[in-house]
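Below: one structure, written as structure tokens.
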Amino acid sequence: MESKTPISIWFFVGLTLVVNGALILGAAFNEFVTPVPVASRVVLYELHAGLWWGALLLVCGVAYCYRFRPWKRG
Amino acid sequence: MPAVLLPTPHLVHLAPVDWAIILFYFGLVLVIGFYLKGRANTSEDFFLAGREMTAWVAGLSFLSANLGSLELMGWAAAAYQYGILATHWYWIGAIPAMLFLGLVMMPFYYISKTHSVPGYLKLRFGEPARALSSVCFAVMTVLMSGINMYSMALVMKVVLGWDIHFSIWVSSLTVAIYVALGGLRSAIFNEVLQFVLIWTGALLIPILGLVETGGFAGLKARITTNASSEYVHLWGTLGSFSDNPMGIHWTGIVLGLGWVISFGYWTTDFLVVQRVLAAKDIRSAKLAPIIGSAFKMFVPFIVILPGLLALAVLPMKLTGEAAAVASGGHSYNEVLPLMLARYFGPGLLGLGITALIAGFMSGMAGNVSAFATVWTYDIYGARIHKNASDRQRVIMGRWCTILGVLISIATAYLVMQFLSIMDYVQALFSFFIAPLFGTVLLGMLWKRATPAAGFWGLLAGTASSVGMWLWVKINPAALRYVALSPHARDMAENMYRALWSWIVCVLVTVIVSMVTQPKPLAELAGLVYGATPIPSDKHVPLLQRPAFWACAVSAVFVVLNILFW
């Protein structure tokens with residue numbers, strides 16, 4: 001049966017990671033498919049840090065949200 | 001019009017995705033505040049989060065309350081100025097004290113069921129000691145919060161071009177709302193969130209920086225070329241005041257910073273201790289500072305390393321604030337934002353800026369929640385309305401939170417008009433914390449310490465610190481006596497002044513104790529070593545024992561110091 005428990009702080013942490021990860025990944029993917037002019041690139045642009053950092057945050061966030069979901073079956 | 005209000009060209013431009021990340025953060029902290037409002041109905045809930053936090057939550061919150069924006073940007077700036085020596089403030093200047101708090105002092109704070117550090121002084125030494133410490137703490141806390149607020153708003157103006165009034169009011173009112181609604185539980189929840197944001201927002205700078213420099217060896221080589229090899233040694237240059245960029249001797253670092261200042265701050269500053277008092281049981285209360293210390297040991301990776309990387313990779317030379325304003329260049333305080341601008345594109349930049357804002361808000365929430373508790377219990381409840389009901393205390397706590405934020409805002413505006421106030425307030429804070437450590441330490445470990453000695457020791461220590469500070473202000477030549485060398489610089493003077501004032505406090509406390517009447521042993525139960533039965537951890541598995549993890553942290557601490565010697 002479904003039981004309503006107080007929302008864990010770790011769920012909020014997961015939510016932040018999911019939203020930030022998705023936004024960063026989206027912005028980095030957009031930059032990946034439509035590269036910005038060389039003059040306005042950041043240092044180490046070619047590493048596309050936003051892509052893998054955004055993906056990492058998103059994966060961690062989903063794991064936290066699932067693990068600490070408030071609608072967990074009791 | 002003050003110079004800080006004039007428009008200046010700014011460092012970075014935010015894209016819509018960056019704004020989305022920042023706005024999501026503000027929205028979420030307010031949602032948490034409203035969500036927790038229903039769980040802050042009693043004074044135990046509002047001021048001590050119901051004493052139900054796990055060791056992990058209390059430990060991360062304990063550390064996060066200290067990771068204010070001044071801490072992040074100030075120490076990155078210090079690393080650029082002084083090199084790896086700035087790491088001492090994170091290692092010897094924090095780790096031993098945090099472990100000592102967890103293993104030795106926390107049981108007394110926790111078992112005594114006090115609501116605050118001044119509250120402990122009341123139980124141990126009586127009303128005069130509590131009155132002195134609570135008034136000093138309350139005043140200093142809101143003033144420091146205002147200084148942090150001003151520093152944050154100034155950086156946001158330089159980096160993003162944000163209006164200084166906008167930064168001050170929006171961020172501080174957000175803190176006021178979520179702390180006033182949910183009390184300490186809301187502050188702690190948000191501090192854990194802010195801790196994660198600070199790490200995820202700042203961790204990429206050292207990773208990318210080390211890629212650019214070709215690892216730590218490449219970083220050291222570049223620093224040696226750009227500055228000097230003195231900048232990459234933690235202990236090797238501390239044999240003489242004149243051999244290192246900080247102008248300090250190892251005795252100042254070990255005795256002044258590592259002993260008095262660090263132990264004073266981490267074990268008696270209620271801003272951080274309050275988070276641990278919210279732990280659900282005594283083992284969690286002992287573990288929380290140890291968990292905090294493990295993370296603290298790695299904070300230099302996101303604070304000091306960016307400062308060192310800036311020294312290695314930035315094409316321009318950073319200067320002090322005044323020289324930067326005069327030349328139109330960049331100041332030391334802009335190290336972290338400059339590194340953000342160097343490596344972070346859209347999205348990541350929003351996360352990096354959110355990390356800085358989160359740092360500011362966690363520091364401020366720590367200040368105002370500690371202020372509200374000390375005011376409500378140790379000033380209002382002790383002197384103004386002794387028979388206040390539980391409900392009245394919660395109402396007073398909520399109003400005090402808002403009042404604390406408003407006083408902080410007023411202080412920020414005052415600093416804007418008179419910059420020198422910043423130095424005075426920071427000095428005032430340092431006057432009090434070192435002697436307080438002497439008083440609390442003797443109170444916890446020495447049964448013979450008497451109530452009169454507690455008060456007079458604290459007063460004498462504080463007065464001697466003020467006296468030494470004034471002496472050097474009036475006659476700069478006195479530095480050779482206070483700091484043991486005419487070559488000593490500001491930081492060295494602070495270290496030695498703290499050490500002398502602690503010694504004065506301890507001596508006066510011991511002497512007065514010998515000639516006054518101690519409390520009967522029965523009245524010291526739960527307050528003093530030797531009169532308090534402390535629950536044993538022997539029945540707990542090894543991996544869950546605080547002492548085991550303290551040993552593990554100590555071992556890593558020693559290895560790190562040797563590695564960067």
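Values for this structure:
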read-out: Helices (runs of 4 or more DSSP H) contained in region B:447-519 and holding at least 1 residues of a type outside the set (Asp, Glu) and modelled with pLDDT of 90 or more; value: B:451-474, B:490-515
read-out: Among (1) within 18 Å of the chain's Cα centre (by Cα); (2) at pLDDT below 90 - the single one B:Pro435 does not satisfy; value: (2)
read-out: Residue match in region B:114-127 (condition: of a type in the set (A, V, I, L, M), surrounded by fewer than 22 Cβ atoms within 10 Å (Cβ to Cβ), within 20 Å of the chain's Cα centre (by Cα) and at pLDDT 85 or above); value: no
read-out: Wholly within region B:19-119, helices (runs of 4 or more DSSP H) carrying at least 1 residues that are within 14 Å of chain A (Cβ to nearest Cβ); value: B:43-48, B:55-64
read-out: Filter pass, A:Ala55 being surrounded by 15 or more Cβ atoms within 10 Å (Cβ to Cβ), more than 10 Å from chain B (Cβ to nearest Cβ) and not in a loop (DSSP other than H, G, I, E, B); value: yes
read-out: Residues located in region A:27-44, provided they are in a helix (DSSP H, G or I) and either more than 7 Å from every other protein chain (Cβ to nearest Cβ) or within 23 Å of A:Ile9 (Cβ to Cβ) (or both); value: A:Phe29, A:Asn30, A:Phe32, A:Val33, A:Val38, A:Ala39, A:Ser40
read-out: Residues of region B:553-565 classified as touching a residue at least 40 places away in the same chain (Cβ under 8 Å) and exposed (fewer than 13 other Cβ atoms within 10 Å of the Cβ), total; value: 1
read-out: Output for region B:346-367, where each listed residue is at pLDDT 90 or above and either over 15 Å from B:Tyr25 (Cβ atoms) or more than 14 Å from chain A (Cβ to nearest Cβ) (or both); value: B:Pro346
read-out: Residue under evaluation A:Asn20, criteria (1) facing chain B (nearest Cβ under 10 Å); (2) touching a strand residue (DSSP E or B) at 6+ places or on another chain (Cβ under 9 Å), criterion not met; value: (2)
read-out: Residue in region B:317-339 that is within 14 Å of chain A (Cβ to nearest Cβ) and more than 25 Å from B:Leu173 (Cβ to Cβ) present; value: yes
read-out: Residue check, B:Gly256 under 29 Å from B:Leu338 (Cα atoms), touching a Lys or Arg at 6+ places or on another chain (Cβ under 9 Å) and in contact (Cβ under 8 Å) with a residue 40 or more places away in the chain; value: no
read-out: Flag if B:Arg398 is in a helix (DSSP H, G or I), among the basic types (Lys, Arg) and modelled with pLDDT of 90 or more; value: yes
read-out: Condition broken by B:Leu67, with the remaining ones in (1) at pLDDT 85 or above; (2) on the phi < 0 side of the Ramachandran plot; (3) within 24 Å of the chain's Cα centre (by Cα) satisfied; value: (1)
read-out: Within region B:339-395, tally of residues that are more than 30 Å from B:Leu123 (Cβ to Cβ) and of a type outside the set (A, V, I, L, M, F, W, C); value: 9
read-out: Pick from region A:3-17, criterion at the interface with chain B (Cβ under 9 Å from one of its Cβ atoms) and outside any helix (DSSP H, G or I), ranking: nearest to the chain's Cα centre (by Cα); value: A:Ile7
read-out: Whichever residue in region B:155-171 is small (Gly, Ala, Ser) and surrounded by 16 or more Cβ atoms within 10 Å (Cβ to Cβ) and, among such residues, is nearest to B:Gly68 (Cα to Cα); value: B:Ser171
read-out: Residue ID - nearest to B:Gly59 (Cα to Cα), chosen from residues in region B:543-558 that are more than 25 Å from the chain's Cα centre (by Cα) and assigned to a helix (DSSP H, G or I); value: B:Gln544
read-out: Number of the condition not met by B:Ala388 [criteria: (1) part of a helix (DSSP H, G or I); (2) surrounded by 15 or more Cβ atoms within 10 Å (Cβ to Cβ)]; value: (1)
read-out: Criterion violated by B:Ser369 - all others in (1) part of a loop (DSSP other than H, G, I, E, B); (2) within 25 Å of B:Met152 (Cβ to Cβ); (3) not aliphatic (A, V, I, L, M) satisfied; value: (1)
read-out: So B:Thr213, is it closer than 27 Å to B:Phe371 by Cβ and among the polar types (S, T, N, Q); value: no
read-out: Within region B:21-63, tally of residues that are within 21 Å of B:Met152 (Cβ to Cβ) and in contact with a Gly (Cβ under 8 Å, 6 or more places away or on another chain); value: 5
read-out: Region B:185-217, subset without any contact (Cβ under 8 Å) to a residue 12 or more places away in the chain and more than 10 Å from every other protein chain (Cβ to nearest Cβ), residue nearest to B:Gln274 (Cα to Cα); value: B:Phe216
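The values are calculated or read from the model by the stated rules, or taken from the named source; none is laboratory data. Just so it is clear, the structure is predicted and the values come from calculations on it, not from any experiment. Virtual Cβ from ideal backbone geometry, glycine too; neighbours counted across all protein chains shown.
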